[in-house]
Amino acid sequence: MTDQHVDPERVQFDAFKALPRDTVIHMLNLVRFRDKAAYADDHPLAGQGLTGAEAYRHYGADSAPVFRRVGGHIVWTGTMEAMVIGPATERWDAVFIAEYPNSGAFLEMVTDPVYRAAVVHRQAAVATSRLIRCAPKTSRSETGFG
C-alpha cells in the first residue's frame, strides 16, 4: 500500500474542529505497524532495531498521562481476525476506540508539548492508520438495531 495516513491533513483536521465541541466523542483507531520502526537518525532509539509495535508501545506509554489528564479512556479494544467486507489485503494491527469528554479535550491533548514529543514514536511506528471521529449512541434504539 502506498497511501500513508499517519498524521491528519489540514482539511481533515479543520473538518474535525468544525464539528460540535461540547459532546462526548469516540475516536475509532485502526493502525497498521511498520515491520521496523523508522526513527530519524538523530533520535535516541534510532538503530535499536525496534519493531513498529515496540515503537507504538513507547508512544502509548509516553502519551498516556496526557490522555488520562484530558479525560480520555479506552472504551473498547480488540484484535482483527478477518476482513469480512472490504479489501482482502487490508489488515490492522491495533483496533480500539478512545473516548474523550469532548473534542476540546482531544484538541488539548494533541497540542500538549508532552504529547507532541510522544508523537515521534507514533510516526516511527505506523505504516498507515485511520482515525475516525464518531458520535456515541446512548441507547440501542438510537442505532436502529433494537
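Relative contact order, percent, of segment 7-60 when contacts are C-alpha pairs under 8 Å separated by at least 6 residues?
Details: 24 pairs, mean separation 14.0, N = 54.
Reported relative contact order: 26 percent.
What FRET efficiency comes out for the pair D22/R68, r = Cβ-Cβ distance, R0 = 22 Å, nearest 0.05?
0.60
So what is the accessible area of the chain per residue, in Å², with the probe set to 1.4 Å?
Details: 9180 Å² over 146 residues.
Ligands and nucleic acids excluded, the figure is 63 Å² per residue.
Only loop residues by DSSP count here, and only those with at most 16 other Cβ atoms within 10 Å; note down the GluC sites (Glu not before Pro) in segment 51-126 that meet that.
Values: sites: E54, E81, E90, E99, E108; in loops: E81, E90.
Sites meeting the loop and neighbour criteria: E81, E90.
Top to bottom by accessible area (1.4 Å), largest first, where do H43, H73 land?
Working: H43 45, H73 80 Å².
If we order H43, H73 from most to least accessible, we get H73, H43.
Using a 1.4 Å probe on the protein heavy atoms only, what accessible surface does K17 show? Give it in Å² to the nearest 10.
70
Under 4 °C and 1.567 mPa s, how fast does the chain diffuse according to Stokes-Einstein, given a Kirkwood radius computed over C-alpha pairs? Answer in µm²/s, whole number. Present the calculation step by step, with values, prior to reporting the outcome.
Values: Rh = 16.6 Å.
In µm²/s, the coefficient is 78.
If you average the alpha carbon positions of segment 42-59 and of segment 84-98, how far apart do those two centres end up, in angstrom?
Centre-to-centre (Cα) distance: 23 Å.
Rolling a 1.4 angstrom probe over the protein chains, ignoring ligands and nucleic acids, what is the accessible area of V75 in square angstrom, nearest 10?
Here the accessible area works out near 60 Å².
Assigning unit charges at the beta carbon (Lys, Arg +1; Asp, Glu -1) and nothing else, what dipole magnitude in debye, to the nearest 20, does the chain show about its Cα centre? Mind showing how you got there, number by number?
On the way: 16 positive and 17 negative charges, 62 e Å.
In total the dipole reaches around 300 debye.
Can you send over the solvent-accessible area of S63, 1.4 Å probe, protein chains only, in Å² to the nearest 10?
Approximately 10 Å² of S63 is accessible to the 1.4 Å probe.
If amide hydrogens are placed 1.01 Å from N in the peptide plane, which non-local residues have theirs closer than 5 Å to the one on V126?
Under 5 Å from the amide H of V126 lie the amide H atoms of R34, each far enough along the sequence or on another chain.
Given the options T89, T128, I74, identify the residue whose Cα lies farthest towards the positive end of the charge dipole of segment 54-146 (+1 on Cβ of Lys, Arg; -1 on Cβ of Asp, Glu).
Of the candidates, I74 comes out farthest on the positive side.
Using only the Cα atoms of segment 94-137, build the gyration tensor, take square roots of its eigenvalues as a ≥ b ≥ c, and label the shape rounded, prolate or oblate: rounded if a/c is under 1.5, else prolate if a/b is larger than b/c, else oblate.
Numbers: a/c = 2.92, a/b = 1.22, b/c = 2.39.
It is oblate, given that a/c is not under 1.5 and a/b is not larger than b/c.
Mind putting a number on the dipole of segment 1-63 about its Cα centre? Charges go on the C-beta only, +1 for Lys and Arg and -1 for Asp and Glu, and I need it in Debye to the nearest 20. Let's see the in-between values first.
Details: 7 positive and 10 negative charges, 39 e Å.
Charge dipole of segment 1-63: 180 debye, to the nearest 20.
Roughly to the nearest percent, how much of the accessible area of the chain is carbon and sulfur, given a 1.4 Å probe?
54
Can you list the HN-Hα couplings for segment 106-119, worked out from phi with the Karplus curve (6.51, -1.76, 1.60; θ = phi - 60°), rounded to whole Hz and with x for Gly and Pro?
Using θ = phi - 60°, the values come out as 4, 4, 4, 4, 6, 9, 5, x, 5, 4, 4, 5, 5, 4 Hz.
Project the alpha carbons of segment 54-109 onto their principal axes and report the range along each, largest first, in whole Å.
Projected onto the principal axes, the Cα atoms of segment 54-109 cover 38, 26, 16 Å.
In deg cm²/dmol and to the nearest 500, what is the mean residue ellipticity at 222 nm of the chain if only DSSP H runs of at least 4 residues count, each as -39500 (n - 2.57), divided by the residue total? Working shown, then result.
Working: 5 runs with 53 residues, N = 146.
Rounded to the nearest 500, the figure is -11000 deg cm²/dmol.
The values are calculated or read from the model by the stated rules, or taken from the named source; none is laboratory data. Computed from a predicted model, the values in this text were never measured in an experiment. Glycine gets a Cβ as well: all are built from the backbone with ideal geometry, and neighbour counts include every protein chain shown. These area figures cover heavy atoms from the full protein model, side chains too; ligands, DNA and RNA do not enter into them. Shrake-Rupley method; radii C 1.70, N 1.55, O 1.52, S 1.80 Å.
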